Amino acid sequence: MSRHIIPNAAGLPEGRGASTFDQLAAKVEPYQKGLAVGAGVAFFGGLVIVGGVWALVIAAVCIAIGIMLGLVVGIEVMRRDTADEMAALRARYEAASELAYKLNEERAIEAERAESAERDLMTTVTEKTSLRAQLDAIHADGTA
């Protein structure tokens, strides 16, 4: 009964420090190594392809979420800006309205003063005409 002794990768016979991995590695054929390398390349290539697809999907989702967030934030900022602008316009309108009211009151006061001055002028003209007529009458009586 002769026992086959298969040398391991270190060149030692089976039973003298050889591990199971070394024993299996010694039995592997070259085509099996190529097949394992091919399977590994295919596996990692598949990971890269699937990872690339997932990266594209994740990128598209992130872009969509970013666009939606940008729209929401942009709308909120625009709403706040519009509200601030409307508050400023309301304040300007209030000030302009108050100024127009005061100017209208002042115009009415000035118009009343002008009418009063016109009445005073007419009274003065009437008095002047009356006094001129009296003076002419006195001159006419004195020379006659």
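The values are calculated or read from the model by the stated rules, or taken from the named source; none is laboratory data. Values in this document were obtained by computation on a predicted structure and should not be read as measured data. FYI the Cβ positions are ideal-geometry reconstructions off the backbone, even for glycines, and counts take in every protein chain you see. Note: accessible area is taken over every heavy atom of the protein model, side chains too, but ligands, DNA and RNA are not part of it. Shrake-Rupley method; radii C 1.70, N 1.55, O 1.52, S 1.80 Å.
The table below lists the values:
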| item | result |
| --- | --- |
| Surface share of carbon and sulfur [accessible, 1.4 angstrom probe, percent] for region 73-144 | 59 percent |
| FRET efficiency, I65 to A91 (Cβ-Cβ, R0 35 Å, nearest 0.05) | 0.35 |
| Rounded to the nearest 10 Å², the accessible area of I49 at probe 1.4 Å | 120 Å² |
| Phi to ³J(HN,Hα) by Karplus 6.51 cos²θ - 1.76 cosθ + 1.60 over region 31-48, Hz, x for Gly, Pro | 5, 5, 5, x, 5, 5, 5, x, 5, x, 4, 4, 4, 5, x, x, 4, 5 |
| Two-site FRET efficiency, D81 against Y101, from Cβ-Cβ distance with R₀ of 30 Å, rounded to 0.05 | 0.50 |
| Accessible area per residue, Å², the chain with all protein chains present, probe 1.4 Å | 88 Å² |
| Those aspartates and glutamates that a straight Cα-Cα span of less than 14 Å connects to K102, excepting residues fewer than 8 apart in one chain | E94, E110 |
| Residue-wise HN-Hα coupling along region 92-105, computed from phi with Karplus coefficients 6.51, -1.76, 1.60 (Hz; x: Gly, Pro) | 5, 5, 4, 5, 5, 5, 5, 5, 5, 5, 5, 5, 5, 4 |
| Solvent-accessible area of L69 with every protein chain in place, 1.4 Å probe, in Å² to the nearest 10 | 100 Å² |
| Estimated [θ] at 222 nm from DSSP helical runs (n ≥ 4, -39500 (n - 2.57)) normalised by residues in the chain, nearest 500 | -32000 deg cm²/dmol |
